[in-house]
Amino acid sequence: MSVRLVTYNIWGLPLWMTGARSGRYQQIAKELARLDPDIILLQEAWTKAARKSIPTEGHWSIARAAGQHTFFQQNGLVTLSRFPIVGGRFYPFSRAAYPDKFVNKGVLKVTVRLPNRSLVNIWNVHLQDGGAPEIRISQAHELEAHVLAAEDGQTADLVGGDFNSIPDSAIYRELQSNIGPSISQLSGEHPFVTWDGLSSNPGAGQTVDHIFVRQSANCQLAGANQDRAFEAKTPAQRLSDHFGIAAELTLNRVDNLAGDNALEFHQTTLPMANVGGKGWSSPPTLPSRAPVATAAGVLAGPSLTDRN
């Protein structure tokens, strides 16, 4: 079946830090509704105002990590799904450098059930911006370990977000090798610029946002394509310093191996995982099965409690 996914770094820092125009978050929400994806991955939704980027039309299951009461506890990640979310967890990175050290970056995982009853793990990611390359490498290793350790009966893992790593980087090549090919590679299309700092210079910018796909033995990827989203005629009309990626994948389940015994519920916040270890130079060893959130560990409801 077809799954449409949008990933977008919304540049949701406080207004005094960005100088961005007011009202753009509501415009982001409207554009997301127009794009009509099944899955939305937002990064840098740091503030209550930034979370107005969440579409108000239609029915969404919405997940973000629990315990984000102050700005310095924020991880900026919000995942939305039109499919039921049956479990999830937030994994904070064990290492960070300034300025990211002021917040709580990590990986937000949710498991969704598709209409054909198969399960898919969705991973929302934001790696270190700047700082020593070793920090970003360490975070990439943690991400890989979590993805490879997840045993939820999933037919596929979709890993998307802002990796702050270009296609020619060692991190990108490692993620392709250990997790799976990117949408760009699967579609046979040349990577396009996803961040340019709102520059008006031709050729400015880099490809730092990606979506990687890991298939299980009972999943057949029948097609993939991607387009750049949130384009504008001029930098002044842009809604973020990033562009979005709008991707579509056709995932076919080839047998009945996927389980059907997971608890189904809609949630708004997820418990925070405790991830140990410092200074890993290779993927850390994690438990063979990452624990899944239970109904007691979430706030029930179809929308964020702080949307208004």
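Checking R51, R82 one by one, the residue that is closer than 21 Å to D227 by Cα and out of contact with any Ser or Thr (no Cβ under 7 Å at 6 or more places or on another chain) is R82 and no other.
Residue selection: P37 satisfies the criterion of being under 15 Å from the mean Cα position of the chain (by Cα) and closer than 21 Å to E231 by Cβ. Right, G76: under 25 Å from T194 (Cα atoms) and touching a Phe, Trp or Tyr at 6+ places or on another chain (Cβ under 6 Å) or not? Yes. Hey, any hits in the range 64-74 for a residue that's buried (at least 24 other Cβ atoms within 10 Å of the Cβ) and modelled with pLDDT of 95 or more? Looking through the range 64-74, none of the residues is buried (at least 24 other Cβ atoms within 10 Å of the Cβ) and modelled with pLDDT of 95 or more. The number of residues in the range 121-142 that are of a type in the set (A, V, I, L, M) and under 17 Å from V103 (Cβ atoms) comes to 3. Summed over the range 97-125, residues that are over 25 Å from T155 (Cβ atoms), in contact with a Gly (Cβ under 8 Å, 6 or more places away or on another chain) and not β-branched (V, I, T) total 5.
Annotation note: of G161, G131, the sole residue that is at pLDDT 95 or above and either surrounded by fewer than 16 Cβ atoms within 10 Å (Cβ to Cβ) or among the small types (G, A, S) (or both) is G161. Taking the range 130-166 as the range and being closer than 17 Å to H210 by Cα and small (G, A, S) as the test, the residues that pass are A140, A156, G160, G161, S165. Given the criteria free of Cβ contacts under 8 Å to residues at least 24 places away in the same chain, of a type outside the set (S, T, Y) and farther than 21 Å from R228 by Cα, does R95 qualify? So R95 fails the test. Assessment of the range 229-240 against the conditions (modelled with pLDDT of 95 or more, assigned to a strand (DSSP E or B), closer than 20 Å to R34 by Cβ and not basic (K, R)) yields at least one matching residue. The criterion of being outside any loop (DSSP other than H, G, I, E, B), of a type in the set (A, V, I, L, M, F, W, C) and surrounded by fewer than 23 Cβ atoms within 10 Å (Cβ to Cβ) does not hold for F90. Considering the range 152-180, and only residues there that are out of contact with any strand residue (DSSP E or B) (no Cβ under 6 Å at 6 or more places or on another chain) and not in a helix (DSSP H, G or I), the residue that is farthest from G106 (Cα to Cα) turns out to be D168.
Residues in the range 182-211 that are under 25 Å from P235 (Cα atoms) and free of Cβ contacts under 8 Å to residues at least 24 places away in the same chain: H190, N201, P202, G203, A204, G205. Entry remark, the range 185-239: residues being β-branched (V, I, T), crowded, with 19+ Cβ neighbours inside 10 Å and under 22 Å from E44 (Cβ atoms) number 4 in total. Can you spot a residue in the range 244-259 that is closer than 23 Å to H146 by Cα, surrounded by fewer than 18 Cβ atoms within 10 Å (Cβ to Cβ) and in contact (Cβ under 8 Å) with a residue 12 or more places away in the chain? Yes, because at least one residue in the range 244-259 is closer than 23 Å to H146 by Cα, surrounded by fewer than 18 Cβ atoms within 10 Å (Cβ to Cβ) and in contact (Cβ under 8 Å) with a residue 12 or more places away in the chain.
The values are calculated or read from the model by the stated rules, or taken from the named source; none is laboratory data. These numbers were taken from a predicted model, which means no experiment stands behind them. Positions of Cβ are backbone-derived with ideal geometry, glycine not excepted, and every protein chain shown enters the neighbour counts.
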